[in-house]
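Structure record follows, encoded as structure tokens.
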Amino acid sequence: MKQTARILSTYSADTFGVCSALYELGGMVVIHDPSGCNSTYTTHDEPRWFSEPSQIFVSALTEQDAILGNDAKLIADIEAAAKELHPRFICLIPSQIAHMIATDCRAICRILEKNTGIPAFTLPTNSMHYYERGIYFALQKLAGLACQSLSESDAAPAPAVTSWLSEESLARFVQDKAAAPLCVNVLGATPLDFAMNGSIGSIRHWLEARGCRVTSCWAMGSDLDAILTSHRADLDLVVSYGGLGAAHTLRERAGIPYLVGLPFPQLQPIDTPSNALAGRPAYIIGETVFAESLARALEAALGLPRSAITAIVPMETDSELLQPGTLCLTDECELLPPLRKAGLIIADPLYEPICPPAAAFVPLPHIAFSGRLYEKDIPNLIEAAPFAAFVQKILRTLQQNDV
């Protein structure tokens, strides 16, 4: 039956995506949900929880509140916390129950903003969608705030063409700046997609080595002030689907063009045996930008033809990010048929039970899927040495499985 899973886990919810995107920005995020429902996020999905404080709260919605309505208590609790903690903003996000009983979160936010003097807003979450959707909404909201002082005449919109990141595509923008460094915003960076293994720092270093200056990273390693002044940047780099909405807003209102992709290393191609996959397909399961970028990088490193490795995207995405042949398969029953024919599968370890024994399975943990269970095993593939080791691991696995 569709939309059910016998074996697989589920990806982190949209509410948790909002929390992750706004975690470091000094605001207060309130999930309107029964007590305890934020523990999955804080204890499983958020690597920063035990080392970096953030104001993430749950409203502790009760059954009686859900049936009879008790918005006054919610407002009073948020106001009391805000007056004590002085957050930069308040974000109230509904979960399933608040969504089903049609809690008017926008009206509540207007009341909170009037009573506290602190900017307050809500986002259209309901915990029935995946985390990327929450990140998308949160960063798109931040982009709107960053551009709110701009008029329509401040900048002409950049061309609405999606280009993928490469040495050549970035070099064109760097050359246009001549002597001045190219100012770049990195959009869509959260620990749900990028573990705390140095990968975001490696992306920064890769850009800086090519004549760029990273003015903001949405939203790891940059504060709210850096993000709110990022409309002055020359280029946006979208590193996950979650950053695409912000890129659209910054393009349309500030005239900032964007590139999409991750800078995986370029290695000397390995002479992979022509029968390595025996004509069977190879798949990478994961977030769109990561999976598409890694597929192209591995094809080059393994000496495989273009489109030899197919990305499978099991969460929300956008058609402009999809390469030819990409599969958007959300449910377990949809995943099973193509996986049965696979020769190579690269995915979170929790996918292995539904993969055929004949396929070479290479684990690549994803925090948004398996939480912190395999956090220590997530390599920083932006760096050459771990990427080369990962390529060798793929080759060894293919040889062991005699695919």
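The values are calculated or read from the model by the stated rules, or taken from the named source; none is laboratory data. Computed from a predicted structure; not experimentally measured. Backbone-built Cβ (ideal geometry, glycine too); neighbour counts: all protein chains shown. These area figures cover heavy atoms from the full protein model, side chains too; ligands, DNA and RNA do not enter into them. Shrake-Rupley method; radii C 1.70, N 1.55, O 1.52, S 1.80 Å.
If you take semi-axes √(5λ) of the Cα gyration tensor in Å from the coordinates, which of (i) 42, 20, 18; (ii) 37, 28, 17; (iii) 50, 25, 19 do you get?
(ii)
What's the FRET efficiency of residue 164 with residue 205 using the Cβ-Cβ distance as r and R₀ = 22 Å, to the nearest 0.05?
Efficiency for this residue pair is about 0.60.
Rounded to whole Å and ordered largest first, report the semi-axes of the equivalent ellipsoid of the range 48-135 derived from its Cα gyration tensor (root of 5λ).
Three semi-axes, in Å: 20, 18, 13.
Under the classification rounded if a/c is under 1.5, otherwise prolate if a/b is larger than b/c and oblate if not, where does the range 26-82 fall, given a ≥ b ≥ c as square roots of the Cα gyration tensor eigenvalues?
Note, shape of the range 26-82 comes out oblate.
Place +1 on the Cβ of every Lys and Arg and -1 on the Cβ of every Asp and Glu in the range 1-109, take the dipole about the Cα centre, and give the residue among 85, 75, 10 whose Cα lies farthest towards its positive end.
10
Relative contact order for the chain using alpha-carbon pairs under 8 Å, separation at least 6, rounded to a whole percent?
So the answer I get is 18 percent.
Need the full-extension length gain, residue 318 to residue 330, defined as separation in residues times 0.36 nm minus the C-alpha distance. One decimal, nm.
Between residue 318 and residue 330, full extension yields an extra 2.9 nm.
Would the range 39-194 count as rounded, prolate or oblate if I go by the C-alpha gyration tensor, calling it rounded below 1.5 in a/c and otherwise prolate when a/b exceeds b/c, oblate otherwise?
Since a/c reaches 1.5 and a/b is larger than b/c, the shape of the range 39-194 is classed as prolate.
Cut-off under 13 Å on the C-alpha distance; same-chain residues fewer than 8 positions from residue 114 excluded. Which aspartates and glutamates are left, in chain and number order?
By straight Cα distance, residue 114 reaches 79.
Once the dipole of the chain is set up with Lys and Arg at +1 and Asp and Glu at -1 on Cβ about the Cα centre, which of 277, 342, 66 lies farthest towards its positive end?
277
Could you calculate the contour length gain from residue 64 to residue 266, that is, 0.36 nm times the residue separation minus the distance between their Cα atoms, to one decimal place in nm?
My answer for the length gained is 66.9 nm.
What is the dipole size for the range 278-400, taken about its Cα centre, with +1 at each Lys and Arg Cβ and -1 at each Asp and Glu Cβ, in debye to the nearest 20?
Roughly 620 debye for the range 278-400.
Got the relative contact order for the range 20-158 handy, in percent, Cα pairs under 8 Å and 6 or more residues apart?
Once divided by the residue count of the range 20-158, the mean separation gives 26 percent.
Accessible area of the chain with a 1.4 Å probe: how many percent of it is carbon plus sulfur?
Summing carbon and sulfur atoms, their accessible area is 52 percent of the total for the chain.
Among the trypsin sites (Lys or Arg not before Pro) within the range 1-99, which fall in a DSSP loop and have no more than 16 other Cβ atoms within 10 Å of their own Cβ?
Of the trypsin sites (Lys or Arg not before Pro), the ones in loops of the range 1-99 whose Cβ has at most 16 other Cβ atoms within 10 Å are 2, 6, 48, 88.
Among 318-328, 280-290, how do they line up by average Cβ neighbours within 10 Å per residue, starting with the highest?
280-290, 318-328
Please state the charge dipole magnitude for the chain, taken about the Cα centre, from unit charges on C-beta atoms (+1 on K and R, -1 on D and E), reported in debye and rounded to the nearest 20.
The calculation lands at about 500 debye.
Sort 50-59, 374-383, 243-252, 264-273 by the packing proxy (mean of other Cβ within 10 Å over each peptide's residues), most packed first.
Going from most to least packed, we get 243-252, 374-383, 50-59, 264-273.
Could you work out [θ]222 nm for the chain from helices alone, using -39500 (n - 2.57) per DSSP H run of at least four and dividing by all its residues? Round to the nearest 500 deg cm²/dmol.
That comes out to -10500 deg cm²/dmol.
Going by the alpha-carbon gyration tensor, a ≥ b ≥ c the square roots of its eigenvalues, is the range 216-331 rounded (a/c under 1.5) or, if a/c is not under 1.5, prolate (a/b greater than b/c) versus oblate?
prolate
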